[in-house]
Amino acid sequence: MDVILSIGEFSKMTYLSVKALRHYHDVGLLEPVTIDPSSGYRHYGVSQVSTAPAIRRFRDLDMPLEQIRAVLDAPDPESRNEAILAHLRHMQEQLTRTQTSIASLQALLEQTPTVADVVFRTLPAITALAIDGRVGLADAAAWLDVAFGELHEVLGRAGLTAAGPEGGLYPGPFFETDAGDVVAFLPITAPGPRPDLTAAGGRVHVVEIEAADHAVMVHHGPFADLDQTYGALGTVVAERGVGVPGPIREHYFEDHAEVCWPINLNQQTKEQR
């Protein structure tokens, strides 16, 4: 038989204030065993002593009330542990994002890109295997991983040879509205007859990307910091007044990336004279 305790005694045994215990009752996390109908005094059982501090620790970990209820109402230890582990995984993801943001801010304070980091050149026309689709800004990295995997698979199946690094084309709406028609491409040695891509499920096709003038800046470090390179490169283009409409192009190498901003190279040449 459970020993019944006053709320004061229960408070001492659990290191929880009477106010906190009342709050847990109000939100439905820890119901008293009995409530005196005349005085409203709450009474708890000794069997609840271990539950109360557990709730406090869950709240210290910012676990939502619904998840705490799921833990407390779990039908077996496995279900309870899985609910706790799910929250711990969520916290680890938050911690990773926080650490990444801190590192990015530190890099932003310590690095000062200069005009010397930007080169102006004409990117040659290329023939490439490509996949295009409407992609959200937050989903771009995952979408590219899948797209490049398919492109390399089709490349091998068609007996073609890669002629350059993987790349992406990003139109203005991709940045302006958080979604746009992105093109993932893989340059190939220009074939004679077009390769038969009917077995590729319709997503992969051959495109011709025209030659165009670009301001180019190399990006080192995580892609979470890519906005810093965009900012530095875009500033140079804007200050020189050489930008022209067109998608921004990115090239992906093993240890770095290139951001290529479309420009009028003739105008840039005039600026340098």
Reported set for the stretch 161-185 where residues are surrounded by fewer than 18 Cβ atoms within 10 Å (Cβ to Cβ), outside any helix (DSSP H, G or I) and out of contact with any Ser or Thr (no Cβ under 7 Å at 6 or more places or on another chain) is 162, 164, 165, 171, 177, 178, 179, 181
Output for Cβ contacts, cut-off 7 Å, separation at least six or different chains, first residue assigned by TED's automatic domain parsing to the domain that holds residue 12 in the stretch 36-48, second charged (D, E, K, R) and not in a strand (DSSP E or B), reads 45/2; 46/2; 47/2
Which residues, counting only those in the stretch 147-160, are surrounded by fewer than 17 Cβ atoms within 10 Å (Cβ to Cβ) and more than 12 Å from residue 185 (Cα to Cα)?
-> 153, 156, 157, 159
Answer yes if at least one residue in the stretch 197-217 is modelled with pLDDT of 85 or more, among the hydroxyl-bearing types (Ser, Thr, Tyr) and outside any strand (DSSP E or B), and no otherwise.
-> no
Go through the stretch 22-35 and give me each residue that's more than 18 Å from residue 3 (Cα to Cα) and free of Cβ contacts under 8 Å to residues at least 40 places away in the same chain.
-> 22, 23, 24, 25, 26, 27
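The values are calculated or read from the model by the stated rules, or taken from the named source; none is laboratory data. Just so you know, these numbers come straight off a predicted model, no measurement behind them. With ideal geometry, Cβ positions are generated from the backbone for all residues, glycine too; neighbour counts draw on all protein chains shown.
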